[in-house]
Each structure stands twice: as C-alpha cells, then as structure tokens.
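Written below as structure tokens is the structure these notes are about.
The values are calculated or read from the model by the stated rules, or taken from the named source; none is laboratory data. All figures in this text were calculated on a predicted structure; none of them were measured in a lab. Because the Cβ atoms are built from the backbone with ideal geometry, glycine has one as well, and the counts that use them run over all protein chains shown. Note: accessible area is taken over every heavy atom of the protein model, side chains too, but ligands, DNA and RNA are not part of it. Shrake-Rupley method; radii C 1.70, N 1.55, O 1.52, S 1.80 Å.
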Amino acid sequence: MAQRAGITLRALNKKRFAEEVELVKALYNKAWEKNWGFVPLTEAEIDHLAKQLKPIVIPDLVVFAERAGEIVGFAVALPDFNLALLHNRSGRFFPGILKVLWYSRKIHRARVLLLGVVPELRGKGIDGMLYDWVWQACVNTACRTAKAGGSWKTTGR
C-alpha cells in the first residue's frame, strides 16, 4: 500500500524536535478542519503542548507519513500515564508522586492522541499505515496495547 501511494513513514527525530513540531503545526489544522466540533489550535497552543509533552514522548510512537518529501499525515501516541495515576487516588503530591513514579515504569499501554491525514489523501490507507506503525512500535517496546481516543484497543502478540 505504501509503495502504491508513494508513502514513506518515519519516526520522530528528537534531535530535531523544534522542526518536527513545526511540521505538526502545518498539518494539524489542515487535517482536522472538516471534523465536527473542531477548534483550530494556535501556534502558541501547539508550542505549549509540545513543550509539556517532550519529556514523555517516545520517538517511535510519533510517526510522520511523507509523500515526495512533503508531510501528508502524522500520528502521536504517548504512554498511558493514567495507569500510573490510578495509584494516587488521594491526589496528594506526597507520597503520591512516589507511587506515580514507581508505577510509571510499569506502563504497558499507549494512547493515540492525534492522528491526521491531509484531506486530498484520505481514503488511501495512510491512516491505517500510521495506526499499524504505532501498534508495531507498541509491540516492540514495553507497551503491549494501544488505544485511540480511549475506545479502540489492540493487544500485542
């Protein structure tokens, strides 16, 4: 499918994090603009989110789809820290932070937070290739399952 559509996939390069964020900025609003209830994000909002998420991003769980050198799709998945936060039911910082840090090492699931493909290339299977990449990356790391928007689940092999 990738050869037929001329698509190549690549993981996030953390050494070029600022440039990669610029690619997401250029694509996010374009890919999501026709979705019901969509509210465009400003550049400042995307920069703020990127700064907050950078410490927990696993490069293999962020994938870009390219066609002829141009980014045409992307997917962002993160470890599901909700699994670690469940162990701090009191919500107190101390000793809750110690529990969260301990259980964060045992996270076995990822969440697909964002996935977008430019409108002119939808229906070509690019979204499926992005999901497959994230799923394979989960299988190859400690994450054994993935969820998209909290509703879709695939179990690792």
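Annotations
- Considering only residues in the range 13-54 that are among the aliphatic types (A, V, I, L, M) and within 13 Å of the chain's Cα centre (by Cα), the one that is most open to solvent (accessible area, probe 1.4 Å) turns out to be L49.
- Selection of first residues in the range 27-42 that are closer than 22 Å to E70 by Cα and of second residues that are part of a helix (DSSP H, G or I) and at pLDDT 85 or above, restricted to Cβ pairs under 6 Å at least 6 apart or on distinct chains, gives an empty result.
- Scanning the range 55-73 for residues that are surrounded by 23 or more Cβ atoms within 10 Å (Cβ to Cβ) and under 9 Å from the mean Cα position of the chain (by Cα) yields L61, V62, V63.
- Those helices (runs of 4 or more DSSP H) of the range 1-112 in which at least 2 residues are at pLDDT 85 or above and not hydrophobic (A, V, I, L, M, F, W, C), considering only elements entirely within it, cover 17-32, 43-53.
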